[in-house]
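Every number here is computed from the coordinates shown, using simple stated rules; none is lab data. Computed from a predicted structure; not experimentally measured. Glycine also receives a Cβ, built like all others from the backbone with ideal geometry; neighbour counts cover every protein chain displayed.
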Amino acid sequence: MSEPIVLLLSGPNLTLLGERSPEIYGHATLADHVATATAAAAAHGLTLEHVQSEAEADLVRAIHGARGRCGAIVINAGALTHYGWSLHDALATFAGPVIELHLSNPEAREPWRRQSVIAPVASGTIAGFGTLGYRLAVEAVADLLAGS
């Protein structure tokens, strides 16, 4: 039997991590974060697939493609977190755990960042821990998939 697949989704502007607002998002690149998540997944017997897009439609297609194929989704939707209702609707059709992930803490930032359209369809949210959040998200998924 193959290892369960965790789909990691990265939204708009995350390709600029490491250079965009390092005082908020840190100096690690998206590749660094994906490597952290990949290592955490492997340590739990999971396979990680990563999809990044600047386009909401691409992320929706990835979620649709994960249905019945992936065990869980970890999503850092970037700014789409606050208005990406098509992501909300797509994630609502996914049967496995969904973890919403943020490098920074939206509650400590601008008021418009405090509203998430992802949170109502997520199993949980991990925010404010930088790169550590990627490991924590995969560990949460591993526990949820194991029934803990």
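Here are the numbers:
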quantity	calculated
Over the chain: Kirkwood hydrodynamic radius from C-alpha pairwise inverse distances, Å	15.0
Chymotrypsin sites (Phe, Trp or Tyr not before Pro) within the range 72-107, DSSP loop, no more than 12 other Cβ atoms inside 10 Å	none
The chain: most fluctuating residue of G11, G71, G26 per GNM, C-alpha cutoff 10 Å	G26
Within a Gaussian network of the chain (alpha carbon springs, distance under 10 Å), most fluctuating of A92, A55, A39	A55
Reduced Cα scattering model of the range 65-148, Debye log10 I(q)/I(0), q = 0.21, 0.23 Å⁻¹	-0.98, -1.13
Pairwise centroid distance, computed over Cα atoms, of the range 93-141 with the range 1-80, Å	12
Residues whose placed amide H lies under 5 Å from that of T47, excluding near-sequence neighbours	I5, V6
Amide H contacts under 5 Å for I126, placed H, 5+ residues apart	E100, L101, H102
Overall dimensions of the range 1-74 as given by Cα atoms, namely Rg and Dmax in Å	13.4, 44
